[in-house]
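Written out below as structure tokens is the structure these notes cover.
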Amino acid sequence: MNEPLVIIRDLRLQFRTYAGIVHALNGIDLEIYEQDVLGLVGETGCGKSMTGLCILGLVPRGGEIVSGSIGFRGEDLLTKPESYMQQVRGAKIAMVFQDPSTSLNPLFTIGQQIETVMKRHQQADKTQMHERALELLKVVELPDPARIMDTYPHELSGGMKQRASIAIALSCGADLLIADEPTTDLDVTVQAQILDLLRRLREAQGVAILMITHDLAVVAETCQRVAVLYAGQVVESGPVDEVLYEAKHPYTRALLEASPKRSSRGKTLQAIPGTVPSGLRPLEGCAFSPRCPRAMEVCAQPPPRVAVTPAHAVYCYLYADSEE
Amino acid sequence: MMNDIGDTDGAREAQVEVKDLVKHFAQRGGFLGRNPRVVRAVDGVSLKIAHKRTLGLVGESGCGKTTIGRCILRLIEPTSGEVHFEGVDVLGLSGRQLRRMRRDMQMVFQNPYSSLDPRMSVLSIVGEPIQTHLSLSHSEMRDRVVELLEQVGMSGDHIYRYPHEFSGGQLQRIAVARALALNPKFLVLDEPTAALDVSVQAQVIAKLVELQQDLNLTYLFISHNLTLVHYVSDTIAVTYLGRIIEHASSEAIFDNPIHPYTQALLSATPSLDRELRQQRVILTGGVPDPVNPPPGCVFHPRCSRAKDACRQEEPRLVNAGDGHMVACHL
Ligand SMILES: Nc1ncnc2c1ncn2[C@@H]1O[C@H](COP(=O)(O)OP(=O)(O)OP(=O)(O)O)[C@@H](O)[C@H]1O
Ligand SMILES: [Mg+2]
């Protein structure tokens with residue numbers, strides 16, 4: 001594969017809170033390739049959304065990136081001023097959220113909202129913008145685009161709103177779309193429509209997608225590559241077929257065993273004993289080791305990155321020997 | 001016909017039986033509320049659950065699943081229909097008789113963060129139903145709460161702690177402990193794991209299955225997740241727009257779904273199984289507004305195989321063989 005579009009190295013994010021410092025991201029390493037769909041998966045609080053927000057330069061208040069780099073087309077975004085990031089957002093990197101209402105303004109029609117975003121980043125006259133907006137609504141397969149242009153968000157169903165917010169996100173030809181749980185609030189049959197749309201947009205528009213989800217089945221169906229997060233660290237990453245069907249890390253395996261599958265009906269779901277660390281203490285060794293059935297003494301040290309295959313990496317001492 | 005509904009055990013007596021249940025909500029709408037709208041949340045639902053069995057009630061949002069559960073327990077009054085629990089006509093019970101009956105039937109809600117009062121200690125949360133229904137001394141009640149917590153796999157030491165000190169999975173177990181306080185026979189579990197991570201969901205599901213066996217419980221398990229429902233259910237009823245469109249054993253629903261909606265739902269459900277990752281049937285549109293259900297079969301506007309009869313006449317739920325009930329003209 002070619003040079004990655006995004007290269008994240010050792011990204012660390014902390015929050016100052018009353019309870020103390022929360023270690024939200026503890027050295028994330030990721031690559032997103034052009035026109036690729038990378039799934040970012042893990043349980044609540046593991047840092048999926050924060051990773052997405054860091055790429056966009058939208059770290060919430062109280063949060064501070066304490067180390068790392070986010071390379072986008074060779075430029076480190078973490079060294080750029082806010083004015084530069086404003087240009088990047090929308091024009092190069094766009095985001096859609098779990099609740100499409102957060103990215104739609106209730107006071108303006110869908111058409112007005114698309115045109116507002118276009119005006120910010122492009123020079124075009126009114127009719128050109130109108131044509132392009134109509135075209136986008138067609139691309140996201142909204143029925144009767146001319147009518148949708150003049151409707152307000154509250155007149156649309158959940159699935160239609162999510163389509164409209166995808167249209168707005170794509171309106172300036174972004175190269176990367178960050179989709180944070182884009183279908184979690186939708187019905188199953190509507191989720192299937194939106195996932196199908198995202199898959200086809202990747203092909204037709206050539207956009208890379210960072211698909212943030214807690215659902216391994218969604219990853220299996222929509223992504224080419226996946227990174228599994230635990231306590232603000234990547235524990236395993238690589239092609240979906242290798243990570244999900246030849247999982248190496250004990251946490252990836254445990255997560256798979258806990259997920260309902262059709263083929264294992266009648267069997268029981270395996271719970272993962274223990275709980276996720278609170279983030280209030282800095283991580284020393286492997287964050288999963290206190291819950292890991294195969295933990296060893298050495299796991300109190302930071303885990304090594306082991307290349308299972310050239311594209312498949314696992315951060316775990318269990319595989320450290322096979323390297324040499 | 002009624003005797004056959006989802007009844008794969010043949011002669012097994014139904015413990016819970018619902019017939020032609022209807023619940024319409026009046027909703028104010030239009031200028032100054034001049035156009036009251038009627039939301040037909042539940043529109044003629046019949047189902048049966050055998051003793052110690054689990055019926056999984058699945059469907060998309062707004063299809064009336066929670067309303068069905070609430071009507072069975074009479075947490076809300078149905079518009080019409082019948083509900084029988086162990087042969088007793090639940091809708092005919094007066095206040096006091098209903099209070100007595102409520103001990104046998106309890107509900108666990110979807111979101112433990114909002115269903116438990118944050119100002120109450122675990123002791124008061126779990127002990128409240130005991131206090132209202134039984135005359136136990138304080139120490140007897142405390143012992144019972146400790147016993148209940150241990151039953152759901154939590155330490156009795158937790159009784160003086162408050163909801164914010166617990167994780168979602170622990171809170172949901174506390175909610176289950178509360179529901180078990182009066183030794184119920186029947187539990188309505190409304191999306192009990194929807195707010196939880198998969199690893200915690202697995203814990204809660206395992207606990208529910210174990211409790212069912214130990215305490216001889218009957219469950220109505222409400223969920224939008226077909227794959228999950230299969231882990232707990234003996235029979236499955238698929239709802240669509242306030243109706244049950246298919247009702248059969250879990251195996252039959254997965255291996256031989258008959259209704260085009262059930263087939264589409266199975267196909268749309270993302271799956272980790274490699275073999276199932278190929279062709280999808282993708283439905284267009286969403287579930288229609290229950291204020292204006294389509295004429296004929298309510299699914300026909302989204303059904304690729306709809307014919308004339310489907311547009312005109314609503315199909316009845318009939319036995320397609322072996323108690324596999326389906327409402328479809330095809
Ligand atoms: N404003 C904040 N103050 C303190 N800690 C925060 C703040 N926002 C996020 N965090 C912490 O950052 C960590 C990562 O959060 P993040 O929202 O990225 O998780 P997530 O993986 O997206 O979870 P979910 O699946 O619930 O969306 C968590 O430990 C969270 O508690
Ligand atoms: Mg998130």
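The values are calculated or read from the model by the stated rules, or taken from the named source; none is laboratory data. Note that this is a predicted model, so its numbers are computed, not measured. Counting neighbours? That spans all protein chains shown, and the Cβs are built from the backbone with ideal geometry, glycine included. Side chains included, ligands, DNA and RNA excluded: accessible areas come from the protein's heavy atoms. Shrake-Rupley method; radii C 1.70, N 1.55, O 1.52, S 1.80 Å.
Dipole size in debye (nearest 20) for the stretch B:131-220 around its Cα centre, Lys and Arg Cβ +1, Asp and Glu Cβ -1? All intermediate terms of the calculation are to be shown ahead of the outcome.
Working: 7 positive and 11 negative charges, 32 e Å.
Once rounded to the nearest 20, the dipole reads 160 debye.
Would you mind calculating the gained length between B:V281 and B:D255 on full extension (0.36 nm times residue separation, minus the Cα-Cα distance), in nm to one decimal? Walk me through the intermediate numbers first.
Numbers: separation 26, 0.36 × 26 = 9.36 nm, distance 1.63 nm.
Additional length available on full extension: 7.7 nm.
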Requested in this report: Tell me which residues come under 5 Å, amide H to amide H, from B:T218 once H is placed; ignore anything under 5 positions away on its chain.
Outcome: B:K52, B:F186, B:L187
Query raised in the report: Any idea what log10 I(q)/I(0) is at q = 0.09, 0.11, 0.12, 0.13 Å⁻¹ for chain A, Debye with uniform C-alpha scatterers and no solvent?
Result: -0.49, -0.73, -0.86, -0.99
Report task. Evaluate the stretch A:273-320: find the radius of gyration of its Cα atoms, find its Kirkwood radius, and give the ratio Rg to Rh. Result -> 1.00
Query raised in the report: What are the principal axis extents of the Cα atoms in the stretch A:8-63, in Å, biggest first?
Result: 42, 23, 17
Report summary line: Residue-ordered couplings for the stretch A:189-195, obtained by feeding phi - 60° into the Karplus form 6.51 cos²θ - 1.76 cosθ + 1.60 and rounding to whole Hz (Gly and Pro as x), are 5, 6, 4, 4, 5, 5, 5
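Relative contact order for chain A: what is it in percent, counting Cα pairs under 8 Å that are at least 6 residues apart? Spell out each step's value before the answer.
Numbers: 588 pairs, mean separation 68.7, N = 324.
RCO, chain A: 21 percent.
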Requested in this report: Return one number: the angle in degrees, 0 to 90 and rounded to the nearest 10, between the long axis of the Cα atoms of helix B:122-133 and the longest principal axis of the Cα atoms of chain B.
Outcome: 80 degrees
Query - P(r) of the stretch B:183-224 over all Cα-Cα pairs, binned every 5 Å from zero, in whole percent - result: 6, 22, 29, 26, 13, 4
Query raised in the report: Which residue, B:D117, B:D255, B:D190, tops the fluctuation ranking in a GNM of chain B built on C-alpha contacts under 10 Å?
Result: B:D255
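Rounded to whole Å and ordered largest first, report the semi-axes of the equivalent ellipsoid of the stretch A:210-319 derived from its Cα gyration tensor (root of 5λ).
So the three semi-axes of the stretch A:210-319 are 22, 17, 14 Å.
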Report task. Please work out the ratio of the alpha-carbon Rg of the stretch A:6-149 to 2.2 N^0.38 Å and round it to two decimals. Result -> 1.23
**Report entry** Virtual spin-label span in nm between A:R305 and B:R103, 7 Å along Cα→Cβ
**Finding:** 6.4 nm
Query - 20 Å binning of all Cα-Cα separations within the protein assembly as shown, expressed as whole percents from 0 upward - result: 17, 47, 32, 4
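If you scale each eigenvalue of the Cα gyration tensor by 5 and take the root, what three semi-axes come out for chain B, rounded to whole angstrom and sorted largest first?
On the way: eigenvalues 244, 102, 82 Å².
Square roots of five times the eigenvalues give 35, 23, 20 Å.
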Query - Rg and Dmax of the stretch B:40-115, Cα atoms only, in Å - result: 13.1, 36
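Pop the C-beta distance of B:L136 and B:D89 into the FRET formula with R0 = 30 Å and round what comes out to the nearest 0.05.
Details: r = 30 Å, r/R0 = 1.02.
Efficiency computed from Cβ-Cβ geometry: 0.50.
Take every residue in peptide A:214-223, count the Cβ atoms of other chains within 10 Å of its Cβ, and give the average of those counts. Can you show the working numbers first?
Working: counts 2, 3, 4, 9, 3, 2, 7, 7, 1, 0.
Mean inter-chain Cβ contacts per residue within 10 Å come to 4.
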Report summary line: Karplus-derived 3J(HN,Hα) from phi for the stretch A:234-247 (6.51 cos²θ - 1.76 cosθ + 1.60, θ = phi - 60°), whole Hz, x at Gly and Pro, runs 7, 9, 7, 8, x, x, 3, 4, 7, 6, 8, 10, 9, 4
Requested in this report: Could you tell me the largest-minus-smallest coordinate of the C-alpha atoms of the stretch B:202-330 on each of the three principal axes, in descending order and whole angstroms?
Outcome: 50, 33, 32
Query raised in the report: FRET efficiency for A:L134 and A:A320, Cβ-Cβ distance as r, R0 = 60 Å, nearest 0.05?
Result: 0.60
Report task. Using only atoms on other chains, find how many Cβ atoms lie within 10 Å of each Cβ of peptide B:261-273 and report the average. Result -> 6
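Rolling a 1.4 angstrom probe over the protein heavy atoms, how many square angstrom per residue are accessible across the stretch B:246-315? If you can, show how the numbers build up before the last one.
Details: 3280 Å² over 70 residues.
Computed with neighbouring chains in place, this is 47 Å² per residue.
Give the peptides A:148-154, A:59-65 in descending order of average Cβ contacts within 10 Å, highest first. List each step's numbers first, then the result.
Working: A:148-154: 16.0, A:59-65: 12.9.
Sorting A:148-154, A:59-65 by mean packing, highest first, produces A:148-154, A:59-65.
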Query raised in the report: Which of A:D125, A:D187, A:D215 moves most in a GNM of chain A, Cα contacts under 10 Å?
Result: A:D125
Requested in this report: Just name one of A:I168, B:P270, B:S80: the one whose Cα is farthest towards the positive end of the charge dipole of the protein assembly as shown (beta-carbon charges, Lys/Arg +1, Asp/Glu -1).
Outcome: B:S80
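For A:L283 and A:E297, compute 0.36 nm times the residue count separating them, minus their Cα-Cα distance, and round to one decimal in nm. Let's see the in-between values first.
Working: separation 14, 0.36 × 14 = 5.04 nm, distance 1.55 nm.
3.5 nm is the gain from fully extending A:L283 to A:E297.
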Query raised in the report: Most mobile of B:R96, B:R144, B:R280 per a Gaussian network model of chain B (Cα springs, under 10 Å)?
Result: B:R96
**Report entry** Separation in nanometres of the label points that stand 7 Å from Cα toward Cβ, at A:D76 and B:T79
**Finding:** 6.5 nm
Report summary line: Dividing the mean separation of Cα pairs under 8 Å (6+ apart) by the residue count of chain B yields a relative contact order in percent of 22 percent
**Report entry** Contact surface B-A: accessible area buried, both sides summed, square angstrom, 1.4 angstrom probe
**Finding:** 3400 Å²
Report summary line: When the charge dipole of the stretch B:98-221 is computed with +1 at the Cβ of Lys and Arg and -1 at the Cβ of Asp and Glu, the Cα pointing farthest to the positive end, of B:P163, B:T218, B:G153, is that of B:T218
Query raised in the report: If you place +1 on the Cβ of every Lys and Arg and -1 on the Cβ of every Asp and Glu, how big does the dipole about the Cα centre of the protein assembly as shown come out, in debye to the nearest 20?
Result: 1500 debye
Report summary line: From DSSP H assignment alone, runs of 4+ in the protein assembly as shown each adding -39500 (n - 2.57), the sum over residues rounded to the nearest 500 puts [θ] at 222 nm at -9500 deg cm²/dmol
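Sort the following peptides by mean Cβ neighbour count (other Cβ atoms within 10 Å, averaged over residues), highest first: A:50-57, A:8-15, A:188-195.
On the way: A:50-57: 21.4, A:8-15: 19.9, A:188-195: 23.1.
Going from most to least packed, we get A:188-195, A:50-57, A:8-15.
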Query raised in the report: Counting pairs of alpha carbon atoms under 8 Å apart in space and at least six apart in sequence, what relative contact order in percent does the stretch A:169-324 give?
Result: 17 percent
Query raised in the report: So what J values fall out for the stretch A:103-115 if you push phi through Karplus, 6.51 cos²θ - 1.76 cosθ + 1.60 with θ = phi - 60°, rounded to Hz, Gly and Pro as x?
Result: 9, 10, 8, x, 8, 10, 6, 4, x, 4, 5, 5, 5
